[in-house]
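We did not get these values from a lab; they are worked out from the coordinates using the rules stated. Bear in mind the structure is a predicted one, so any value in this text is a computation, not a measurement. Glycine also receives a Cβ, built like all others from the backbone with ideal geometry; neighbour counts cover every protein chain displayed.
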Amino acid sequence: MTSFLHHFALASPLFLLVLLGYGVALSGRWPQSVADALTRFAYAIAMPAMLFRMMSDIQKMPPVDVRLLLAFFGGCLIVFVIGRVIAASLFGLDGVAQSVFALGGVFSNNVMLGVAITKATLGPAALPIVSLVIVFNALILWTLVTVSVEWVRHGEFSVRGFGKTARGVLTNPIVASILTGTAWGFAELPLPPIVDVPLAMLGNAAVPLSLVALGMSLADYPIRDGLAQSAAISAIKLVVQPLVVWLLARAIGLPLLETQVVTLLASLAIGVNVYMMSQQFCTMQGPVAAGLVLTTLLSAFTTPLVLALVGG
């Protein structure tokens, strides 16, 4: 209980910022265009500035055990299969809807929530681990669900489709900032003060901006459609995925910090990318939107609990 309260005290201010953004949007005094602009600024400028500056010091950071990718994405694959089975057997969904349903159970909000909560609860030393997961997250999971949908529709997956996905991931501002910052760090080039200072200022604003923007964007999603399906997605996301990832991390003998980080990331709320995927394939929009809101609210309690259990 003491460990849970400790982690809850560290994480709760971050969720209060999300709640603040949600309340601001519900007040009706701020149009949705403000939330969209704030999200774009946080995602395309402030967060990349923070990540680039952090990764430019990668040579000074302790080494990261890359086996964490096996634990995290191996867990994602197992839970994705579980999600498809549940979607088919309990809800009778078709193959495309099954794929989106299953993606909701494995795709975490690693950027806006993951970076902030990891930094607050586990410290800056854990951020390179988060960055490594972020770089591969979109590429692997978007490819997974695209392969799943393409196979349902056409019985094959095109190389062109994978190339489009890879190009989109590599040009993503978050991924690009991590990769360029890492390259700068390995080149052992110091950042001149004229660049370092404004990057630091933007980086300091990244976390609160992104969390308020997340809350404002959540207010735009309805939570009444497909509650049974959204509850099932939420249970898979907040309970099954962190459990599977933790078991894999233990099985391969990951160090404690890596185990804590990958389990924390697995326990986070559904990422907004899942809603984008549901819109792209014209299925499950209501349940996914409701799941976004539900998992964000519930993870304020479940993520500190997971951290307390893993830490113990």
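Over the C-alpha atoms of the chain, what are the Rg and the largest Cα-to-Cα span, Dmax, in Å?
In Å, with Rg to one decimal and Dmax whole: 18.8, 59.
Run the numbers for ALA187 and LEU77: contour at 0.36 nm per residue of separation, minus the present Cα-Cα distance, in nm.
Working: separation 110, 0.36 × 110 = 39.60 nm, distance 3.49 nm.
Net length gain for the segment: 36.1 nm.
Could you sort 176-188, 21-33 so that the peptide with the highest average Cβ count within 10 Å comes first and the rest follow in order? Kindly include the intermediate steps, with their values, before the conclusion.
Details: 176-188: 16.9, 21-33: 13.8.
Packing order, densest peptide first, comes out as 176-188, 21-33.
Per 10 Å bin, what is the whole-percent P(r) computed from every C-alpha pair distance within segment 178-231?
18, 28, 22, 17, 13, 3
Calculate how steeply helix 68-91 sits against the longest principal axis of the alpha-carbon atoms of the chain, using the helix alpha-carbon long axis, and give the answer as 0 to 90 degrees to the nearest 10.
Helix 68-91 sits at roughly 20 degrees to that axis.
Based solely on its DSSP helices, what 222 nm [θ] is calculated for the chain when runs of n ≥ 4 H residues each add -39,500 (n - 2.57) and the sum is averaged over all residues, nearest 500 deg cm²/dmol?
Numbers: 15 runs with 233 residues, N = 312.
Taking each H run of at least 4 residues, the total per residue is -24500 deg cm²/dmol.
Cα axis of helix 159-170 to longest principal axis of the chain: angle in degrees, 0 to 90, nearest 10?
40 degrees
When Lys and Arg each count +1 and Asp and Glu each count -1, what net charge do the other residues less than 15 Å away from PHE107, Cβ to Cβ, add up to? Display every interim value, and only then the final one.
Details: positive: ARG84, LYS237; negative: none.
Here the count lands on +2.
As a test of understanding, state the convex hull volume per residue of segment 1-119 from its alpha carbons, in Å³.
Numbers: hull volume 23.7 nm³, N = 119.
Spelled out: Cα convex hull of segment 1-119, divided by residues, is 199 Å³.
What order, most packed first, do the peptides 243-251, 189-197 have when packing is the mean number of other Cβ atoms within 10 Å of each residue? Show your work: numbers first, answer last.
On the way: 243-251: 19.9, 189-197: 10.9.
Result, highest mean first: 243-251, 189-197.
Given R₀ = 51 Å, what would the calculated FRET efficiency be for ASP220 paired with VAL195, taking r from the Cβ atoms and rounding to 0.05?
Numbers: r = 36 Å, r/R0 = 0.70.
According to the calculation, E is roughly 0.90.
Test of understanding: in a Gaussian network model of the chain with alpha carbons linked when under 10 Å, which of VAL34, VAL212, VAL133 would top the mean-square fluctuation ranking?
Sorting by GNM fluctuation, first place goes to VAL34.
For segment 176-312, what does the convex hull of the Cα positions come to per residue, in cubic angstrom? Walk me through the intermediate numbers first.
Numbers: hull volume 22.2 nm³, N = 137.
Convex hull of Cα atoms, per residue: 162 Å³.
If I stretch the segment between ALA231 and VAL66 completely, what's the gain in nm (0.36 nm per residue apart, minus their alpha carbon distance), one decimal?
Numbers: separation 165, 0.36 × 165 = 59.40 nm, distance 3.31 nm.
Extra length available between ALA231 and VAL66 comes to 56.1 nm.
With a 10 Å radius around each residue's Cβ, average the other Cβ atoms per peptide and rank 112-123, 37-48, highest first. Don't skip to the end; give the middle numbers.
Details: 112-123: 22.7, 37-48: 18.9.
Listed from highest to lowest mean packing, they are 112-123, 37-48.
Multiply the residue gap between LEU256 and ASN204 by 0.36 nm, knock off their C-alpha separation, and tell me the result in nm, one decimal place. Write out the running numbers ahead of the final one.
Values: separation 52, 0.36 × 52 = 18.72 nm, distance 2.76 nm.
Taking 0.36 nm per residue and subtracting the Cα distance, the gain is 16.0 nm.
Cα axis of helix 256-266 to longest principal axis of the chain: angle in degrees, 0 to 90, nearest 10?
Computed tilt is about 50 degrees.
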